[in-house]
Structure formats: structure tokens, C-alpha cells
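Trainee: Structure incoming, see below.
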Amino acid sequence: MEPSPHTATSNPPVAATAANLSERDLVRRSASSVPPPARQLEPVAKLIDVSKCIGCKACQSACIEWNDTNPAIETNVGVYENPHDLTPDMFTLMRFTEWDNPQTGNLEWLIRKDGCMHCEDPGCLKACPAPGAIVQYSNGIVDFVHENCIGCGYCIKGCPFNIPRISKVDHTAYKCTLCSDRVSVGQGPACAKACPTHAISFGTKEDMKTLANSRIEDLKSRGYENAGLYDPPGVGGTHVMYVLHHNDQPEIYSNLPRDPRISPVVNAWKGMAKYLGFAAMGLAAAAGVLHSAFVSPNRVSSEDEEKAEDLVKEKT
Amino acid sequence: MNMELSRRGFLKAAGVGVAGSTLGAFGFPELEAAEAAAIRPFKLTNTMETRNTCPYCSVACGIIMYSKGDLRKGETAEIVHIEGDADHPTNRGTLCPKGAALKDFVKAETRLKTPMMRKPGSDKFERVSWEQALDRIARLMKDDRDANFIATNQAGVPVNRWTTVGFLAASATTNETAYLTYKVVRSTGIVAFDNQARV
Amino acid sequence: MADRDIAKEDAIHPGRPVVVSRYNLGARINHWITAASLILLALSGLAFFHPSLFFLTGLFGGGQDARAIHPWIGVVLFFSFAGLFIRFWRANLPEKSDKAWLAHANDMITGNEEKMPEVGRYNPIQKFNFWVMAILIIALIVTGFAIWDQYFFDWTTIPQKRIAVLIHSLAAVALICIWIVHVYAAIWARGTLSAMTRGSVTGGWAWKHHRRWLKELAERHRVKKPAAPAE
Amino acid sequence: MTNSWTDIRNTDLVVIMGGNAAEAHPCGFKWVTEAKANRGAKLIVVDPRFTRSASVSDFYAPIRQGTDIAFLLGLINYCILNDKIQWQYVKAFTNVAYIVKEGFAYNDGLFTGYDESKRDYDRSTWEYEIGPDGFAVVDDTLQNPRCVWNLLKAHVATYTPEMVERICGTPKDKFLKVAEMVSECSSPTKTMTSMYALGWTQHSKGSQNIRAMAMLQLLLGNIGVRGGGMNALRGHSNIQGLTDIGLMSNLLPGYLNIPVEREADFTTYMSSRAFKPLRPNQTSYWQNYKKFFVSFQKAMWGDAATVQNDFAYQYLPKLDVPAYDVLRTFEMMHQGKVNGYFCQGFNPLLAFPNRQKITESLSKLKWLVTMDPLETETARFWENHGEYNNVNTASIQTEVIQLPTTCFAEEDGALVNSGRWLQWHWAGGTPPGEAKHDTWIMAQIHLRLRALYEKEGGPFPDPMLNLTWNYKDRNEPSAEELARELNGYAVETLYDPADATKVVLEKGKQVVNFSVLRDDGTTACGCWIFSGCFNEAGNNMARRDNSDPDDTGAYPNWTFSWPLNRRILYNRASADLQGNPWDPSRKLIAWDGTKWAGYDVPDIAPNAKPDTVGPFIMNQEGVSRLFARGLMRDGPFPVHYEPFEAPIANVIAPKIRGNPVARIFQSDVAQFATSDEFPYAATSYRLTEHFHYWTKHNRVNATLQPEFFVEISEQLAAEKGIAHGGWVRVWSKRGEVKAKAVVTKRIKPLMCDGKPVHVVGIPLHWGFTGAARKGWGPNSLTPFVGDANIETPEYKAFLVNIEPTTAPVAV
């Protein structure tokens, strides 16, 4: 029997424990640069096996409790999603799709846990104008630092997965932290620990890929020929990955992007536009400077004044 | 009471191959904790752990309640977090959406805090003391039992039955509460005695 | 010669030198509100535009406040500029002579203005600035609303927001460039600033830069009686 | 559960039918996903709805609610016709070869002995033929036409795949696929587990639903083995414990019975409880009944229970009806025959059928006492909440006393999980306000009552005055004290019966387990099946050694499992008649030549030879019963009966409505509807985001599923013009509710007997108190009818109508 992965191999510590993630482990810091980290942490990943997910929302519940958020009590609008979308108080959301498989004629209830994918090449971080509001650790966690966040919403525009949400209360952006506070003391994220069917696992990215392979093999043996791992290369891979039974059609899972990448518009904005902008403004200023250097100020001569006086006299 | 854990035994038995190596990988070398600004201070630090089981369904998942204050030392204990007990063989730390939110059941706004009484025809509950409530209950019971207790049937056989008062027992109380309830209710002769198992 | 070149307040005050009223108090206040908001917008906007300028948020009490206030200043700019637009749009309409003037634009830049055709209230470069500013400000306000997530998040989709933010930043850059030209020109052409400070220019300034306008004023007898001597 | 949650990992095939484990027991369902991921197990889900369990299944087959017996007997028929039977097991461990009495017959949906006027059977012919030696007659050749095998074969022959499709609406090909997958588990090395819950119990023939599957499991040889069994997924954390301790009208702790009127004295009571073995050399464990009974009486009344007074036999009430279950009690209340009522952690206003009747009944009480950690609708049944609880407050003359209790987090004690594990837990929080432990409250009631009787006198106060109350703090017995009492102790010093000088146990010491209990009054034991939970070794329920030798899933040193720390019931049946495991890779216990040994505590004497003593020692035969004898009120074999409210007539017995012996009250019959008026087949169920009516008080769960809704198919929505997410009114002959409509592909119309049947799904988590939005429970709609054997209300199959409407009006 294969050993089964278990996120929670031990319970959280209650004695004071040194956090194992520090500023020195940053590989990226929004709108600023960081010195190359002295050590490389083992990249971590959360693996979400959609084929094992029963849509129970334990992940949502555990997320609310661990992060002490307070999402609103909404209404039923004819679907199982509640809250109806990710919110600044709901970092993860089960999305439900009833899909008729045209091949088998069978109904499939595809349930995907939505939330931050912790991209290797994070669009949010790229877009962020506030120094240090978004950081990336060498283990792959992309985290928001609220005291540095200015609430501009650029991260929303940068994100290829539509994840960050701005709080109406403190006007800062929120999303899944991959429970960086738990990971820093050797615990897995709260959602992964809670997940009743181990549809969510957490470990090193390498281990998670190995686990995914065994799951894909199992799914293939059950007739899901296109089962596969969703670790999109367009964003350099992600530290939250999915095992999909239909990896050839990620969009059937509540519009999971087929080939996510940072939007070219965002790239243009954060790349070309900056250079162009500075160049243009610099040129304009330089032109003025040059002009004033070579061309003396345009002065009104006394002659001009006299002409004007003459004109006025003539007319009066 | 044995609240000691034998975690080692569990780890060995539970086959944690993948995860074992996983956790090893997080175990970064010792370093002075220069906590990143992004990272919340670990909120369970210096809390008291207590083992319990989930009160909802019959899977009876193991849970750990984290509190500020230690009940066993006679202190007031406020539960600040509840999560699954990784040592528990059934749930291994996992919890369903209900179990994962147990803290908010314990601290629900609609938890009852004082005995209340509603008078016949009244449209409100009024606060009463425990003494008043319990004395009233005992009096109501005694009066009804005295009036309606059936000691023998028509054939003269002792039947010692009290049918005009009923008792509906819970589904989430402990065995010990259930047993004490059994003793108290049975000793009165109440026969309309049932519990949630019926439905 | 068009009526549109003449504003109500425009008037010639004989004397030495001749003084010509160009902008009344309202127009000047309007202009300076516009100018101030544009500067504030540029400062706060540039802070978001590039990390090296993020320190500018300090002028506004920090990033959060800068983020919060920037769009409101934008609204002020928009309405303020709209005021200017209503005042001046007619005077800025292009006309046939502009073409001839533009053909000599080089003379203007090199300081040989006397070779150029006579100019009305505004020269074509000023007109160009005016219209480009108007267009850019409309673009900025529209795209600004699209990315003003605090109140209007749901009004646009994220791909629309991405395009909006790109346009917003490019438009802002363009506006800043135009602004640089505008300010430089005002400084370079000496005697211009008084138009927006005191509201008047000297007759010589008008003769030199906007001769047709001056002539038109004189033509129409828009000449005030000299003020009685104090003594 | 015969097995445990952790044992499900050993299975090859999981059948979830009559339940929705992923929805209602997610963390237990984990072991299904583990079996799938680690040993290639398959999952079949049979349900009227494509459920959360179905979403991760290998095969899903739809079924109309209330037709499970037809489906299951169809499976048995398939296995018989295709010879997919674990023959060695069946011959050795079931009553397949037993000869049934002459005179027993089954015709047109009824067995012999039916009396329509009594709605009951004379069950005298439902018995074995007893030979001159006093033992049941068997025919090991199975040739006798009256042997159980031949009777069973004939009984299930009606349930062909075509008939299954006609009754259940399950397409034939889907049924056959299920049958094929299930029948493969007749191999000794393949095991299937049945996971069921209230989808089977909440029917007027609930017990027989379960029996049908148990019979199938026996035929496949899946009872008593790792990864097999009949696994009832109990709904509440201690519903098992409450049942074990017998908090029911007709029970004493440990499944002993309250006397009935005809058992006028102890001797008469015991005369029908001899439990003589029906086959030579068999162990009939209930022969120890008297030991357990007397020990219980001693625990209750100590010195007042003497040999002279038949151990206080008369202290127990005697029943004049089979049981004063809740349905009967509320019927009596409705008739004005009940004056006072206690609800301890229970919310009958939303939990019992026909809410209108419940409201009327509660309104007729003189007084009501509720004990709960939370606001309940029952405590506020008199409060007007507009459409949500439209009562005339002023006219309700019931005095209500609401007592605040602690919850799990604030108390010590043990709960019994579905797998019979008694797990101790510890208090970790201070109770809010003046909330008190239930034990304190019950003690206060008792002590006050006792004082009143001491002072004022009154009828037969002896059972109260003599009740054992030797607790350190009289006002609040501790959990440990009560647990020790449940375990049992020596009242006198016990001597070895074989050697009167040898002390077995000193007076006052805890008994090691129930094997040392005596019927002479020298031992006391509150609940014999729990005995061993807290003995001289300490509190075994608090054990936390989670080692699991050889990964069998048994966890033998984790807490305590009743009986005797046994983890899998009938584990003797995991080995053949030589004592070798049917499947060596799934060894549980094996005969080593002198004794049974292995991973579990054997359920027969450790030295009982494998070819002699049968595994089913609680039966007088030592074997299991494919033919139930007279133990079920509605037949020794299950029969397909329609629900009382069904969309079609019973195809196999058109004249029979519902279960012919289900207990119904005359006053309710007029409120049973027909499909002309109420065309849609409704069912009620839980959602995973909520637990009954508790979690709507919890902001987090209220967030995850905020508002009452019903689920219907796209076809029904189109037919009735119901919008996705729009308001609908759903009404039955007993009441109406308003809900949001979830229009889904997961419910599809079923073709039953040529007629399309639309299913309306009604979840049960909303009321008028708590954090979630106000709503209703399905009990506003459900009929007041109970199962024939255990009186569980028929919540899972009833008729309704539905139409679009507007939002309800609250006050």
C-alpha cells in the first residue's frame, strides 16, 4: 500500500517558535529590489486534487477561522457558491460546475477550490506600485504586506486569475497567504489540514508533483484519459497546482484559464509604458533646457510697447 | 487523566512517507527569527491545548481547542481557536466545514447565558434565577406526578408508570450525562422517554 | 477677424506701457485650480507610475492617502478644466491662418517671431496644447473612473481595467509633456505670466505675440478711459 | 457500524446508498477516498440526486426515493441467478439451510398471519421447524423446498432488472452495471462495504431497507471482515451512546428491555429471556441477560435492590404499549394527554414531522422545559415570526422554562462514535454566563424532587428516594464517577465460583469487564456493553496510543470500543471453518490451533473451536439470519412497499398502501396525500455546510450556506416556470414552505412504471433563530408516520406540489 500523504503530521506548536521565513528569504519585493537571498528554501506547493474534492467547503471554513475574517452572510441565488465570489474576507472559494461529459453522456460535478495560485512569476507583484506591499519568498509564497499596501488595486489588474480583493474597511488588498504564518513554523496551510478527503495536500513542490503523478495514473486507470497536472508555464508554474480529470479543458472548471500569463497589456504598462513615459517626459524637459540654452528668452521689446501705444492712440 | 500523546507511534504507523519528507524540507536551519513583516505572528503561541471531539456527526473527529487561560488551574479559559487533532486516527487533523468552525459554535451570539421563563400567554422570556427555575420545575413535576402516577393497572399489577410528562434526551450529551439523565428520569416512572436516535 | 478671439473682459488700458486685460479673476482662479490639481495629480500619479517616485506619496501623507485623494483631484481637474474649456474653446478653434503660421513655426521656436503672420488670441501651438489637453483629460477621467476601484470596481471588467490603466498612464505622460511645454513657453515668452497673475499683459506683449487680437481690441474700441490721476 | 471508520480503507468496493457520506460525514468519507487512492477501490452511489458523494464516485445510478428494497432484492436476485454467492461463508455462517415451519407463506405483498384491523401480523409461523431434539432442523443440501435458501430464491425472483427499472426508475443498464460490480465481491478476497444513514432509516420500512442490504452482504460473505460490514453512519455525535444507554421508552442500558404489563414479576420477565441455543454447542450470549439486568438494578438502587424484592424489579415502570416513542408522545400531547415536557438538547419543533401538529401539541402542554446551549425554535414555539412561525402567542398557555447548558467544549466525558468507540474528551473553555452542565441540572431536579417527596410524601417515591447517589459532590456528579458506574464494580468481594477461597475482585473495585458480572447482586454495572471502559486499569476511553500494528486500521489501543474493545463485530466470520482468514491479506483473527489470535478481540470465546461455535453469538443459532424469524414486525424477508405518499401505486402489490404494519394514527390518515393532488416526490436531507439546526447559529456556517432552498430539475423548473434562484412555494397536505429554487442538472426526472417522476429535494437546516437567514425545515411538510419496527418518521419520501412565488414576509 502506498503511503498516503497527510498535510498534518503534527499539531501546531503552542510554545514560542521562531518563524522560519524572514525578510532575508525574499526573492522579489514589489516596486523595490532585494538582495539575493543567502539561502534557497525548498519550493513548496499546495496540490488540489479536484478529482478527490467533494466541495464541502471545509477549506473555506478553516480559512475563515484561521485568518479571523468575517465574510458577510449573503443569500441563496440558486447556486452552491457562498459567498458568491472571493472577497477581502474570503480568500478561497469552492466553485461548482455541472458539466455533461459529451463523451460518456454522464453528468460530472466539477468542483474547484479557487484562490491564489502563488505564481512563480506573480502578476500582482509585477503590477504593484507600492514598495514591499507584495513579496515573494524563495519557497514560492507570494504574500501581501498590508502595512505597505496602498489599496490601488493594481494587483487585481496584474493577476491572471482574478484573485486579490480590496477591503472596503482598511482599503488594502487581501488574498490567500498560503498561511505563511503556519508555514513559517512548519505547519501546512489551514485549508490543507482541514480538507477531509485530502484533496488538498501541501509539501515540497517536487513531492506534490510526485503525488500528482500517482493521482493522474489512478485517474487514467479509471478512464480519465486526459487527467493531468495544472502547473501553468505561462506564469512560470504555480505553487498551488491542480490535478484535473480533464486537463485538456481547464476552462470547464469554472473558467480556469487555459494558458494563464501576465496580460500583455499589463506587461506593456509595467514595461514599455514606463520607459516610454520617462523618455517622453525627459525629452520634453530636456528640450526646454536645450531651448533655453540656445535660444534667449523671448522678450517684449520697448519697440513693441511703443507700437502698441501707437496703436491705442490711433484708435482713441 | 492521560492527555499525553504518543505522537511517535502515530507517525510511525500512519505512513507519512511523502509528508514526512515534506516537513523535513520546511525545517530550515536554525536562525535567529527575523520575522518578515508580511507574516502574522503565530497566533497559537502560548495558548493552552485541550483535546476534545467534535460534537456534530458520529465520525467524532479529534479536535484541539486552544484557549487563553487554563481551566485545570481554575483560570477562566477563553477558546481562541479550534482545529483538527493530527494524532487522531479517524480524522488525522482534518475537519469538515462544521468542525472547522466549531469555535464560532462555542462563541455563537445565540448561546444561552441565563435561565429564562415565559409565562402563559406572554410574548417574552423573562430572566429568572437558577433557584427559581429549578424549584418551579420540581414543583410542576411533583404536582403532576402526584396527580397522574399510575401505580397499578386494572388487574392490580404494579406498573409504576407516569405518562403525563415526557422527557426527550439529547444526541450530543456525553454518556455520563446520558446515564445520569437515565437514572433521574427512570426513577420518576416517566415512560415517554426518547432521544434523537428515533429520528 | 473673428469675434471668438475677444473675451468680455479683454480690454485695453492706455498708458505707458499700454496694459491689456487678458484674463479676469474668474479665469485666473479657474486656471490656477486646474494647474494646481494637475500638479498634484502628476505628483501623486507619478508616485504610482514608477517605484523610484513612490516617495512622492509622502507629500500626500503616504501611499494610502495619495491613492485615495488622487482620483478626487482628478475630478476637480476635470471640472476645473471644463470651466477653462467653456471659456476658451471658441478662441481655440483652428482657422485658416493657423496653417500659414505653422509653416513658420520654426521661426517661433528660434525666437524670430516677427517674421510670422499675425496671431489672434491664441497661436496654433497654444491651440494644439489646448485641444490635446482637453482630449487627454477626457481620456484620463474616463480611464480613471475605470480604475477607481473603490467606488466603481464593478463598472468594468478586469481586461478593460488593464487597458484603462495603460491608457491612463500613457495619457498622463502625454499630459505632463504638454504641461512642460506649456509652462516652459509661459516662462520663455517673458511677460506671459502676468496674464495669469495680474490678469493683464503689456501692450507690447500683445503686439508681439497676439497682434491681431490687440488690433481687434483696438478696432472695437475696447479701450478703457485712463484712470484718473491720483492727484 | 459493524466496522469502524478507519476500517473502510480496507475495502474494494464502497456502496453508498441510503446515505450521502461525503455530504454528512466528510471526515469519515476520507477513508473512502483513501481506499480509492491506495488500493484502487471503487465507489458506487445510488441516490435520487447526484450528490456530493456521487461527484467523486466511479459509478452513479439514480433511484426513486423509497424503492431501495426493490433495488436491493434485485441485486440479491442477480447474485443468486448468476451464482455470485460466497458459498462457504453462507453455508457456514447463515441460516440458509434452516427449515422454516410449515404454514409460512408470502402472497401479494403479505406474509401469513396478517390482520388488517390490527395492522399487525401473527408471527407464529415465521419460525424454524424445531426437531425432536429441541434444535432447529437444517438441510445442509439445501434441497428442502422450505429451507431458507429456497424460500429466499422464490421471494426475490420477482425483482428482475426490468422490475427494478419499473419501480425504481433506475435504467436497466445502470442497474446491471451496479449488480455486476457488487456481485464481484462474492469472491472471498474481494470485499464491499455498505455505508448508509437516514436515507434508509427514515422510511416506513426503514429497518427492512437495512436488512435487505445486510442479507446481500451475508450472501457475499462481507460481514465480519476487514473492509466489509454494514456501516450505519450515525447522525449525531452520541446518538450511538444514547441508544446504547437506552434513553428510550422501552429500553434499559445495553439493549435490555423495560418490562411490559404482562411481565408482572421478575420470574415472568426472565422466563421469555432464557435464550436457549437453537443449535448444538452454540454460544447464545444473551443467556447472560440476568447478570446484566441484576447488575443494572444494583447500579440504580444499590442496597435497595435485594434478592427479596427481585432486585427492585417493581421500581421499573411497565409498558402498556410497545413504546412511548416521540410520535406516540406527540399524538398523546395533541390529544391533551401530556402536561409537561422536557427537551434536553433537542428541537422537536423542527425535528418532528408535521410541524403544524407539533405546534398544536406543544401549545397544549401546561409546561415545557428546554435545556440547550443555543436558542431553539422549540423554546420559542410561542413566538410569532410572521410567515416563519405564524402562531397566536396570546392564546398559547404553555409555561416555558429555558435552561442554558454548557456545550462539548466546556465539559468532560465520553461520546460513542459510529464505530462504537468511546472517546473521552476534556473541557477547555469556561461556560458563558450562567450556563450549567446537564449533569448539574439533572442532579438539581432529582435532589429537589427527592426533597419534596421526603417532605410531602406522594405516590411510590421509593425509586427516587433509593436512587444510588453516592457522589462526592451531590450537586454535581463528576464525569469520572458516572463513567466508573457505567463500567461496573463489585458490590461485595467476588470469589472464584470454582474455588471459594480465591478472591476475584475486592469489594468496591471496578470490574474488568462484563464477563465477571453476576446475577446474585454482588456486582453493579450501569451499562454492561460499556463495561471495561473504566476499570482498575484506568479510564480506557482516554487512551491515546494511536499505533496500528500492520496498518489494519484497528487502532486497538486508541480509546475503547464496545464490546470488550472489539473493533470489528462478528470478526470470527473473517475466517473459514478451519479458522484461516478468507483473505490472508486481510487477516483479522485466525485460529492458531489452540486459540484465536490476531488484530482484534475475538467475538467468541478465544478457545472456541472454529468448526463448532458460530460467529453470531447474540443469535441463539450462532449464525446470521437471512430469514429473520419473528424479529421484524413487517416480515422475515423485506418486501417492496411504496412510501405512504408515493407517485405511483405499488407495482407488486397494488392494493397495499405503504408498509402494511407501519404504525399510523387514525388522526393522521386524512392528511396523507395522493399523487393527483401532489404530483412531485419530495425528499429531505442534510447539507455538508450545516449540522441540523445548530450551525445556523454559527456565523461561519451561515456564511457558507445562508438561506433555505429547494432543489429541482431543469425539466420541472421549465414546466412550472420556476426561475433559477427565484422564490418557490412548496406545499404538502400538511403545510407549506417558501424557499429559493436551485435548478440543477443533478436531479433528473425518473421514469417509474411508465410515468415521469419529478424529485423535489428539501434540505433541512433553517428555522427562525440564529445567524443564518430565516427559513423552514422540511418537517412543515412531512407526514406523521413511522417505521414499522422503530417508529422513525418517513422523512425521505413524501409528496408535494410546487409553484413560483414571492419572498416571504417576516415580522
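All of the numbers you see were taken from the coordinates with simple rules; none came from a lab. Being a predicted model, the structure only gives us computed values, none of them experimental. Methodologically, a virtual Cβ is constructed for each residue, glycine included, from the backbone with ideal geometry; neighbour enumeration extends over all protein chains shown.
Trainee: In deg cm²/dmol and to the nearest 500, what is the mean residue ellipticity at 222 nm of chain C if only DSSP H runs of at least 4 residues count, each as -39500 (n - 2.57), divided by the residue total?
Mentor: Rounded to the nearest 500, it is -20000 deg cm²/dmol.
Trainee: Would you please put D:749-759, D:426-436, B:160-170, D:688-698 in order of how densely packed they are, using the mean number of other Cβ atoms within 10 angstrom per residue and starting with the highest?
Mentor: Going by the mean number of other Cβ atoms within 10 Å, highest first, we get D:688-698, B:160-170, D:426-436, D:749-759.
Trainee: Under 14 Å from the Cβ of D:PRO432, count the other residues' Cβ atoms, weight Lys and Arg +1, Asp and Glu -1, and hand me the total.
Mentor: Summing Lys/Arg as +1 and Asp/Glu as -1 gives -3.
Trainee: So how tilted is helix A:58-67 from the main axis of chain A? Cα-based, degrees 0 to 90, rounded to 10.
Mentor: 50 degrees
Trainee: Continuing with the same structure: How many percent of all Cα-Cα pairs in region A:73-147 sit more than 19 Å apart? Let's see the in-between values first.
Mentor: Values: 1550 of 2775 pairs.
For region A:73-147, the fraction of Cα-Cα distances above 19 Å is 56 percent.
Trainee: Based only on Cα atoms, what Rg/Rh ratio does region C:7-54 have, Rh being taken as Kirkwood's radius? Please report the intermediate quantities before stating the final value.
Mentor: Details: Rg = 18.0 Å, Rh = 13.4 Å.
Rounded to two decimals, Rg over Rh is 1.35.
Trainee: May I pose another question? If the viscosity is 1.002 mPa s and the temperature 20 °C, what Stokes-Einstein diffusion coefficient in µm²/s follows for region B:45-109 when Rh is the Kirkwood radius over Cα pairs?
Mentor: Numbers: Rh = 12.1 Å.
For these conditions, the coefficient is 178 µm²/s.
Trainee: In whole Hz, what ³J(HN,Hα) sequence does region C:198-211 give by Karplus (6.51, -1.76, 1.60; θ = phi - 60°), x for Gly and Pro?
Mentor: Along region C:198-211, the couplings run 7, x, 9, 10, 7, x, x, 4, 5, 4, 6, 9, 9, 4 Hz.
Trainee: With labels modelled as points extended 7 Å from the Cα through the Cβ direction, what inter-label distance (nm, one decimal) is found for A:ALA38 paired with D:GLN308?
Mentor: 8.8 nm
Trainee: Taking R0 as 51 Å, what FRET efficiency do you get between C:ALA105 and A:LYS168 from their Cβ-Cβ distance, rounded to the nearest 0.05?
Mentor: Computed FRET efficiency for C:ALA105 and A:LYS168: 0.50.
Trainee: Report Rg(Cα)/(2.2 N^0.38 Å) for region D:682-811, keeping two decimals.
Mentor: It is 1.07.
Trainee: Note the full-extension length gain between D:ARG262 and D:ASP173 as 0.36 nm times their separation in residues minus their Cα-Cα distance, in nm to one decimal.
Mentor: Length gained between D:ARG262 and D:ASP173: 26.7 nm.
Trainee: If you look at just the Cα atoms of region A:196-276, how large are its Rg and its Dmax in Å?
Mentor: 16.1, 55
Trainee: Would you grab the residues whose amide H sits under 5 Å from the one on D:ASN546? Only those 5+ places off in sequence or on another chain, please, with H modelled 1.01 Å from N.
Mentor: So D:ASN546 has HN proximity to B:SER6, B:PHE10.
Trainee: PRE reach from D:GLN88 (point 7 Å along Cα→Cβ): which of region D:565-604 fall under 15 Å by backbone N?
Mentor: Answer for region D:565-604: D:573-591.
Trainee: Let me know the mean shielding of C:30-40 by other chains, meaning the per-residue number of their Cβ atoms within 10 Å of its Cβ.
Mentor: For this peptide, the per-residue mean of nearby foreign Cβ atoms is 0.
Trainee: Right, next: Would you compute, from DSSP H runs of 4+ residues alone, the mean residue ellipticity of chain A at 222 nm, taking -39500 (n - 2.57) per run and dividing by the full residue count, rounded to the nearest 500?
Mentor: It comes out at -8500 deg cm²/dmol, rounded to the nearest 500.
Trainee: Something else now. Which order do the peptides A:222-230, B:81-89 come out in when sorted by mean C-beta neighbours inside 10 angstrom, highest first?
Mentor: Ranked by mean Cβ neighbours within 10 Å, highest first: B:81-89, A:222-230.
Trainee: Now a separate question. Over region D:283-418, how many percent of alpha carbon pairs lie in each 10 Å bin up to the one with the longest distance?
Mentor: Final binned percentages: 10, 27, 25, 25, 10, 3, 0.
Trainee: Taking the Cβ of D:VAL728 as the center, what net charge do the other residues with Cβ under 9 Å away carry, scoring Lys and Arg +1 and Asp and Glu -1?
Mentor: On the way: positive: D:LYS720, D:ARG729, D:LYS738, D:LYS740; negative: D:GLU803.
In short, +3.
Trainee: On the Cα set of the protein assembly as shown, report Rg and Dmax in Å, please.
Mentor: 41.0, 153
Trainee: What's the Cα-based Rg to Rh of chain A, Rh via Kirkwood?
Mentor: My calculation puts Rg/Rh at 1.21.
Trainee: Round to the nearest 10 and give me the degree value, 0 to 90, for the angle of helix C:158-188's Cα axis relative to the longest principal axis of chain C.
Mentor: It is inclined by approximately 30 degrees.
Trainee: For labels at B:ASP146 and D:ALA274 in the simple 7 Å Cα→Cβ model, what's the distance in nm?
Mentor: So the two model labels end up 4.7 nm from each other.
Trainee: Additional query: What whole number of Å gives the distance from the Cα centroid of region C:127-145 to the Cα centroid of region C:162-190?
Mentor: 10 Å
Trainee: Given a Förster distance of 35 angstrom, what is the FRET efficiency for A:LYS209 paired with D:TYR106, based on the Cβ-Cβ distance and rounded to 0.05?
Mentor: The calculated FRET efficiency here is 0.05.
Trainee: Taking just the C-alpha trace of region D:403-451, give me its Rg and Dmax in Å.
Mentor: Over region D:403-451's Cα set, Rg and Dmax evaluate to 13.3, 41 Å.
Trainee: When the convex hull of the Cα atoms of chain D is projected onto a plane and the area is averaged over all directions, what value comes out in nm²? Show your work: numbers first, answer last.
Mentor: Numbers: hull surface 137.2 nm².
For chain D, averaging the hull's shadow over all directions gives 34.3 nm².
Trainee: Just the number, please: percent antiparallel of the DSSP beta bridges in the protein assembly as shown, rounded to the nearest 5.
Mentor: Values: 102 of 158 bridges.
Taking every DSSP beta bridge with both residues in the protein assembly as shown, the antiparallel ones total about 65 percent.
Trainee: Determine the relative contact order of region D:168-283: mean sequence separation of Cα pairs under 8 Å and six or more apart, normalised by residue count, in whole percent. Walk me through the numbers on the way to the answer.
Mentor: Working: 86 pairs, mean separation 21.4, N = 116.
Reported relative contact order: 18 percent.
Trainee: Do you know the relative contact order of chain C, to the nearest whole percent, from alpha carbon pairs under 8 angstrom that are 6+ apart?
Mentor: Details: 253 pairs, mean separation 74.5, N = 231.
It comes to 32 percent, rounded to a whole number.
Trainee: What would the Debye formula give as log10 I(q)/I(0) at q = 0.30, 0.31 Å⁻¹ for the alpha-carbon point model of region D:571-615, no solvent?
Mentor: -1.15, -1.24
Trainee: Additional query: In whole Å, largest first, what are the principal axis extents of the Cα atoms in region C:10-219?
Mentor: 57, 33, 31
Trainee: From largest to smallest, what semi-axes in whole angstrom does region D:81-201 give when each is the square root of 5 times an eigenvalue of its alpha carbon gyration tensor? Write down the numbers at each step before the final one.
Mentor: Details: eigenvalues 164, 103, 39 Å².
Result for region D:81-201: semi-axes of 29, 23, 14 Å.
Trainee: In addition: Run the paramagnetic zone check for C:TRP131: 7 angstrom along Cα to Cβ, then residues of region C:161-192 with backbone nitrogen under 20 Å.
Mentor: Within reach of a label on C:TRP131: C:171-172, C:174-183.
Trainee: If you plug each phi of region D:8-20 into the Karplus form 6.51 cos²θ - 1.76 cosθ + 1.60 with θ = phi - 60°, what whole-Hz ³J(HN,Hα) values come out, in order, with x for Gly and Pro?
Mentor: Once rounded to whole Hz, the list reads 4, 4, 8, 8, 10, 9, 10, 10, 9, 8, x, x, 8.
Trainee: I'd like the distance between the alpha-carbon centres of region A:229-254 and region C:1-59, rounded to an integer number of Å.
Mentor: About 54 Å separates the Cα centre of region A:229-254 from the one of region C:1-59.
Trainee: Turning to a different aspect of this structure: If you count, for each residue, the other Cβ atoms within 10 Å and average over each peptide, how do B:171-184, D:274-287, D:730-743 line up from highest to lowest?
Mentor: Descending packing order for the listed peptides: B:171-184, D:730-743, D:274-287.
Trainee: Check which residues have an amide H placed less than 5 Å from D:TYR114's amide H, if you skip close sequence neighbours.
Mentor: Excluding prolines and chain starts, which carry no amide H, the hits are D:ASP122.
Trainee: Now for a different question. Mark the label point 7 Å from the Cα of C:SER52 along Cα→Cβ and return the residues of region A:285-316 whose backbone N is within less than 16 Å of it.
Mentor: A:285-286
Trainee: For region D:514-520, what does the Karplus curve 6.51 cos²θ - 1.76 cosθ + 1.60, with θ = phi - 60°, yield as ³J(HN,Hα) per residue in whole Hz, taken in order and with x for Gly and Pro?
Mentor: 6, 5, 9, 5, 10, 9, 9
Trainee: Next question, about the same structure. Could you compute the FRET efficiency for C:LEU193 and A:GLU147, with r as their C-beta to C-beta distance and R0 at 41 Å, rounded to 0.05?
Mentor: Working from the Cβ atoms, E equals 0.40.
Trainee: Using a 10 angstrom cutoff on alpha carbons, build the Gaussian network for chain C and name the most mobile of C:GLY74, C:GLY191, C:GLY144.
Mentor: C:GLY191
Trainee: Quick one: angle between helix A:205-221 and the longest Cα principal axis of chain A, in degrees between 0 and 90, rounded to 10, please.
Mentor: Approximately 60 degrees, to the nearest ten.
Trainee: Could you pull out every residue, at least 5 positions away or on a different chain, whose amide H is within less than 5 Å of the one on D:VAL757? Hs are placed 1.01 Å off N in the peptide plane, and Pro or chain starts have none.
Mentor: D:LEU750, D:MET751, D:CYS752
Trainee: Give me the inter-chain shielding for C:50-59: mean count of other chain Cβ atoms within 10 Å, whole number please. Could you put the intermediate results ahead of the total?
Mentor: Working: counts 8, 10, 5, 3, 7, 1, 0, 4, 0, 0.
Per-residue shielding by partner chains comes out at 4.
Trainee: Which distance in Å, rounded to a whole number, links the C-alpha centroids of region D:553-611 and region A:83-105?
Mentor: A separation of 46 Å, based on Cα centres.
Trainee: Right, next: Rg over Rh of region D:392-534, using C-alpha atoms and the Kirkwood radius, what does it come to?
Mentor: My calculation of the ratio gives 1.08.
Trainee: Using a simple spin-label model with points 7 Å from Cα along the Cα→Cβ vector, what separation in nm is obtained for D:MET751 and D:GLU719?
Mentor: 1.5 nm
Trainee: A further question follows. Can you check what the net charge comes to around A:LYS157, using other residues whose Cβ is under 11 Å from the Cβ of A:LYS157 (Lys, Arg +1; Asp, Glu -1)? Spell out each step's value before the answer.
Mentor: Numbers: positive: A:LYS126, A:LYS270, C:LYS161, C:ARG162; negative: C:ASP149.
Spelling it out: positives minus negatives among the neighbours equals +3.
Trainee: What pairs in C:LYS127/C:LYS208; C:LYS8/C:LYS115; B:LYS142/D:LYS696 have C-alpha atoms more than 27 Å from each other?
Mentor: In this structure, C:LYS8/C:LYS115; B:LYS142/D:LYS696 exceed 27 Å between Cα atoms.
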